[in-house]
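Presented below is the structure to which this report refers.
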Amino acid sequence: MKALGIIFSNIHERDIPELTKVRTLASVPFGGRYRLIDFVLSNMVNSGITNIGIIAKYNYQSLMDHVQSGKSWGLARKNGGLTILPPFNDATGGGVFNNRFEAIKSVSSFIRHNEADYVVMADCDIVCNIDLAPVLKAHEKNNADITLVYRKKKVDASDTYRLVLDTDENGKVTKAKMNDGTAGEKKVYTDFMIISQRKLMYIIENSDKWGIKSFSRDILSNIKEYNIYGYEQDGYYAAINSLTDYYKHSMDLLDPDVVRELFYKGGAEIYTKVRDSAPAKFTDTALVRDSMIADGCLIEGEVENSIIFRGCHIAKGAKVTNSIVMQDARIDSGSTLNCVIMDKAAHVLDGRLLSGHPTHPYYIEKESVI
């Protein structure tokens, strides 16, 4: 059974405009040394999918710098491997695609010329460690047109942006629609989808005639036309749909149980681009508690309950609590940060006091000086 992976690098970018202003969602830093795309890429590779296309759109230079040839994921190979797909839509005269279905149509030739039985599609806003091999087996066993991976979770009345499913006792989807504004535990679609290559190409080739413009509205909600099944995903799962979500789920990584579940579940690791940096250095004035410190850092001040990315400098007399400090950032002496998300290469000068709240973290833009 051969599967082709398709990753949407930019879907949901509008949910986190602060972090995606200068980068695509796929390359948003996470967990000290990772990018969001590392999770879906690793999930596919660990599941035996070694032919993967990443659909790009805007601000994808950092994404290309990060994934390069795909060597860090074992994807630098003669046959298959990793392909960055350009953001142009033949259906609109070569313009940039507007939605998920247009994006798939724009890469239909890539899908057609791969000898895959199935296509696994995923977004980059989901942080989890999932083995897709059993999902592919269930898809084949059920003779399904489409299999949607879902997660049982409690949703608020305001969570109207996620597709929720109803399934029968055999797992067949009986209803798929956007959440109607009611709260409670629901089966929430995780944006991992499996579809047969032939079925996908048949839909694409007839989409203009049938008026298909949206995956969720015209395909996934059309349970009479398509044989759709659900597959429940267990274990740690995080959806990054806002800056608050990003902060909350980053802080989850300070729990050792979450780290073990997410990064080493069943021996399936999460891979990222390797950097040959020196170990972090802690001086005799440093005080660090319950924090994650990446390599290449110089810590002279106090760090508590925080995530510090590679190459950061926390000066003597500085105090960082409940914060996320991204790569190559500097915090000078006498400054105090609490509930702050500090983007890459930002610089906080002497004596600053910056504070947010877990439900509304204070954000410092990339390369800015405060």
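A few points about this structure:
- Residue-count net charge about SER196 - beta-carbon cut-off 15 Å; Lys, Arg +1, Asp, Glu -1: 0
- Potential extension, ASP295-THR283 segment - 0.36 nm per residue separation minus Cα distance: 2.9 nm
- The HN-Hα couplings worked out from phi for the range 296-311 by the Karplus form 6.51 cos²θ - 1.76 cosθ + 1.60 (θ = phi - 60°) are x, 8, 10, 10, 10, x, 10, 10, 9, 6, 9, 10, 10, 6, 4, x Hz, whole numbers, x standing for Gly and Pro.
- Accessible area, probe 1.4 Å, largest first, for residues GLU18, GLU205: GLU205, GLU18
- Among 348-356, 293-301, the order from most to least packed when residues are scored by Cβ within 10 Å on average: 293-301, 348-356
- Lysines whose Cα lies under 17 Å from that of LYS319, excluding same-chain neighbours fewer than 8 positions away: LYS281
- Taking the chain and dividing mean pair separation by its residue count, relative contact order in percent (alpha carbons under 8 Å, at least six apart): 14
- Straight-line cross-link reach from LYS71 at under 16 Å between alpha-carbon atoms covers these aspartates and glutamates, not counting any fewer than eight positions away in the same chain: ASP38, GLU269, ASP276.
- Largest-first ordering by accessible area, 1.4 Å probe, given options MET251, MET44, MET64: MET64, MET251, MET44
- Using a cut-off of 19 Å between Cα atoms, the listed pairs LYS175/LYS224; LYS141/LYS186; LYS2/LYS213; LYS273/LYS344; LYS248/LYS316; LYS21/LYS177 include LYS141/LYS186; LYS2/LYS213; LYS248/LYS316; LYS21/LYS177 as exceeding that distance.
- Mean Cα-pair separation over length for the range 188-328, i.e. relative contact order, pairs under 8 Å, 6 or more apart, %: 13
- Across ILE270, ILE223, the residue with the most accessible area heads the list, and the full order at a 1.4 Å probe is ILE223, ILE270.
- Accessible area (Å², 1.4 Å probe, nearest 10) - HIS357: 100
- Rolling a 1.4 Å probe over the protein chains gives THR244 an accessible area of about 50 Å².
- Per-residue ³J(HN,Hα) for the range 321-338, Karplus 6.51 cos²θ - 1.76 cosθ + 1.60, θ = phi - 60°, Hz, x for Gly and Pro: 10, 6, 10, 10, 10, 7, 3, 6, 7, 10, 10, 7, 4, x, 8, 10, 10, 9
- Rounded to the nearest 10 Å², the accessible area of TYR271 at probe 1.4 Å: 80
- In nm, spacing of pseudo-spin labels at ASP168 and ALA268 (7 Å Cα→C-beta vector): 2.9
- Extension gain from LYS152 to GLU140, taking 0.36 nm per residue of separation minus the Cα-Cα distance: 2.0 nm
- Virtual paramagnetic centre 7 Å along Cα→Cβ of ARG260, amide N under 20 Å, in the range 288-318: 290-293
- Counting only Cβ charges, +1 for Lys and Arg and -1 for Asp and Glu, the dipole size of the range 1-72 around its Cα centre is about 120 debye.
- Across the range 73-81, coupling constants 3J(HN,Hα) worked out from phi with the 6.51/-1.76/1.60 Karplus curve, θ = phi - 60°, read 10, x, 10, 8, 9, 6, 10, x, x Hz, and Gly and Pro carry x.
- Rg over Rh for the chain works out to 0.99, using Cα positions for both radii and the Kirkwood form for Rh.
- Put the Cα centre of the range 38-67 next to the Cα centre of the range 251-295 and the gap is 22 Å.
The values are calculated or read from the model by the stated rules, or taken from the named source; none is laboratory data. In this text, all values refer to a predicted model and were calculated from it rather than measured experimentally. Backbone-built Cβ (ideal geometry, glycine too); neighbour counts: all protein chains shown. Please note that ligands, DNA and RNA were not included when accessible areas were found on the heavy atoms of the full protein model with its side chains. Shrake-Rupley method; radii C 1.70, N 1.55, O 1.52, S 1.80 Å.
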